[in-house]
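The values are calculated or read from the model by the stated rules, or taken from the named source; none is laboratory data. None of the values given here were measured: they were computed from a predicted structure. Glycine also receives a Cβ, built like all others from the backbone with ideal geometry; neighbour counts cover every protein chain displayed.
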Amino acid sequence: MPWYNENLDSDLEEELDHREITTGKFLDLGTGPATQAMWLAKRGFNVTGSDLSEAAIKRARTVYANEKNVNFVVDNILNSNLKENQFDYIFDRGCFHVLLPTDRQRYIIKIKQILKDNGILFLKCFSDKEPMQQGPYKFSQRAIRDLFSKYFWMDSIKETVYQGTLDPLPKALLAVMKK
Ligand SMILES: C[S@@+](CC[C@H](N)C(=O)[O-])C[C@H]1O[C@@H](n2cnc3c(N)ncnc32)[C@H](O)[C@@H]1O
């Protein structure tokens with residue numbers, strides 16, 4: 001998988017260190033191989049990994065059966081059954097940028113519902129600076145601001161790369177926003 005990263009995403013790690021965030025309830029949205037959920041649990045967060053894919057969740061439950069502080073649920077964020085106002089933090093590393101443009105508004109409203117007040121969304125998506133033709137949707141910083149700023153306070157947004165198995169690493173954005 002091109003996005004596979006056996007380590008905690010270094011941009012998220014930097015943000016957590018910089019903001020001195022060490023505890024709380026984290027959602028790893030679109031958890032896939034669940035490496036991010038696992039590292040967040042190891043750092044002491046109470047983590048839920050969610051994914052549309054039953055196969056991904058079944059695998060994550062098996063592989064990380066002995067991991068403390070993490071649980072996995074099958075959940076489509078567009079029609080989510082996750083309880084409202086429950087997460088301090090949400091990490092989306094590659095879910096939003098695969099959604100159809102017509103589903104983006106629904107996603108944003110759902111994220112707002114399940115985040116606590118002052119909760120933070122860490123959103124990593126492909127940047128429009130990435131020249132690769134195929135792959136997920138790509139976003140400019142302006143497009144992310146336009147989409148989210150009605151509902152969230154944009155704390156920071158930066159150009160980065162998507163650590164994974166591709167060479168060169170695709171260009172990405174990391175946006176950090178507060179409910
Ligand atoms: C690019 S992968 C990233 C996986 C993981 N976040 C990582 O960084 O390794 C995107 C994941 O989002 C999941 N996904 C796509 N649409 C979704 C939706 N509507 N709700 C929940 N998960 C979704 C996919 O099944 C896939 O596992």
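Taken residue by residue, segment 129-136 has at least one member that is within 27 Å of Leu82 (Cβ to Cβ), outside any strand (DSSP E or B) and touching a Phe, Trp or Tyr at 6+ places or on another chain (Cβ under 8 Å). Quick check: anything in segment 103-120 at pLDDT 95 or above and closer than 20 Å to Asn5 by Cβ? Looking for residues that are at pLDDT 95 or above and closer than 20 Å to Asn5 by Cβ, one finds none in segment 103-120, hence no.
Would you check if there is a residue in segment 89-112 being among the acidic types (Asp, Glu), part of a helix (DSSP H, G or I) and within 13 Å of the ligand (Cβ to nearest atom)? Talk me through it step by step, then tell me what you get.
Taking segment 89-112 first, the residues among the acidic types (Asp, Glu) are 92, 103.
Retained after the next criterion (residues that are part of a helix (DSSP H, G or I)): 103.
Going one step further and asking which of them are within 13 Å of the ligand (Cβ to nearest atom), we end up with 103.
Yes, because at least one residue in segment 89-112 is among the acidic types (Asp, Glu), part of a helix (DSSP H, G or I) and within 13 Å of the ligand (Cβ to nearest atom).
Annotation: Tyr151 fulfils all but one of (1) of a type in the set (Ser, Thr, Tyr); (2) surrounded by 17 or more Cβ atoms within 10 Å (Cβ to Cβ); (3) outside any helix (DSSP H, G or I); the unmet one is (2).
Every condition in (1) within 10 Å of the ligand (Cβ to nearest atom); (2) under 20 Å from Gly164 (Cβ atoms); (3) touching an Asp or Glu at 6+ places or on another chain (Cβ under 9 Å); (4) not acidic (Asp, Glu) is met by Ile57 except one, and the failing one is (2).
Could you tell me which residue of segment 154-168 is surrounded by the most Cβ atoms within 10 Å (Cβ to Cβ), considering only residues that are of a type in the set (S, T, N, Q) and in contact with a strand residue (DSSP E or B) (Cβ under 7 Å, 6 or more places away or on another chain)?
Here the answer is Thr160.
Taking into account only those residues within segment 72-105 that are basic (Lys, Arg) and farther than 17 Å from Tyr151 by Cα, which is surrounded by the fewest Cβ atoms within 10 Å (Cβ to Cβ)? Selected residue: Lys83. Scanning segment 73-88 for residues that are more than 10 Å from the ligand (Cβ to nearest atom) and either farther than 12 Å from Leu29 by Cβ or of a type in the set (D, E, K, R) (or both) returns Asn81, Lys83, Glu84, Asn85, Gln86, Asp88.
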